[in-house]
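Take a look at the structure set out below.
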Ligand code: NDP
């Protein structure tokens with residue numbers, strides 16, 4: 001596509017006014033000297049409305065759409081019915097990036113690889129790493145395959161509700177031989193103990209400001225919280241033990257960078273949006 005052609009993008013969500021995606025993608029457009037229009041698209045919270053919004057957008061010449069809460073699973077269903085899904089979207093059971101492939105709707109998921117790219121950018125070694133993820137919701141599910149592809153050697157998924165961690169592991173092992181081979185283990189959060197190379201908080205507890213019940217013998221070299229823009233007691237806890245820590249803004253930038261690259265074919269440098277981190 002010619003560099004002077006204006007390309008249209010949206011992020012679909014509910015609520016959507018808070019989304020930082022338009023600003024992030026405009027930064028990538030500057031880097032690549034592409035002309036883009038990227039808008040927030042509110043959508044009523046039902047599958048029929050979502051499908052109508054997506055159809056109208058692509059019929060109108062839209063190039064790519066991001067999908068955020070609460071539509072990632074709905075987008076997955078729509079792509080499964082109408083078009084195709086990337087391997088990462090299939091395992092995640094969720095889609096955050098929509099595009100047209102051979103005229104058909106195609107769903108991808110860049111959240112997990114966005115996290116991995118940020119961890120590598122921070123210089124945190126993943127090859128051979130022993131990793132624990134706290135949380136067994138959509139965010140946790142989406143990062144497991146990319147972390148294993150990045151070379152981690154052990155994985156525990158810990159959750160407040162242990163049965164949900166167990167179910168998630170069963171589903172992930174059935175969905176991917178790569179995950180099955182690694183054989184992740186499950187734990188209740190308060191029972192997680194010992195030393196890990198990396199501990200990732202993928203619970204939504206940061207929204208409440210509450211503290212997770214962490215064992216006093218639990219330690220790690222590196223601690224990541226997918227939340228951002230708030231004071232995060234989870235990070236403070238491990239920082240006081242001497243761990244390196246990071247909040248999740250770089251993951252947000254990372255997933256956006258990958259979406260932009262898939263849509264436009266242009267390469268971007270997400271680290272330029274992260275200041276001195
Ligand atoms: P879900 O609602 O799917 O899952 C929430 C998880 O948090 C569950 O495992 C739940 O446990 C756990 N949880 C909620 N409250 C508590 C609590 N008080 N104590 C212990 N555990 C709790 O959310 P998502 O997986 O979609 O998102 C999780 C987080 O990741 C959110 O904060 C989100 O903002 C962030 N995120 C960040 C991204 C980024 O780009 N930086 C991308 C995607 C997500 P249980 O099963 O027991 O209910």
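Values computed for the structure shown
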read-out	value
Three-way shape call for the stretch 1-58 based on the alpha-carbon gyration tensor, with the a/c threshold at 1.5	oblate
Alpha-carbon centroids, the stretch 156-180 and the stretch 221-260: separation in whole Å	23
Extension reserve of the residue 39-residue 204 stretch, reckoned as 0.36 nm per residue once the Cα distance is removed	56.8 nm
The stretch 6-124, relative contact order [Cα under 8 Å, separation at least 6], %	23
Protection-proxy order for peptides 142-152, 200-210, 216-226, each taking the mean of Cβ atoms within 10 Å per residue, highest first	142-152, 216-226, 200-210
At R0 = 25 Å, FRET efficiency that the Cβ-Cβ distance of residue 102 and residue 81 yields, to 0.05	0.95
Global form of the stretch 125-277, assessed from the alpha-carbon gyration tensor, a/c cut-off 1.5	oblate
Estimated inter-spin distance, residue 122 and residue 161, nm [label 7 Å along Cα→Cβ]	2.8
Prolate/oblate/rounded call for the stretch 1-136, Cα gyration tensor, a/c under 1.5 rounded	oblate
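None of the figures in this text is laboratory data; all of them are computed from the coordinates on show. Since the model is a prediction, treat every value here as computed from it, not as a measurement. Every residue, glycine as well, gets a Cβ built from its backbone with ideal geometry; the counts of neighbours run over all protein chains shown.
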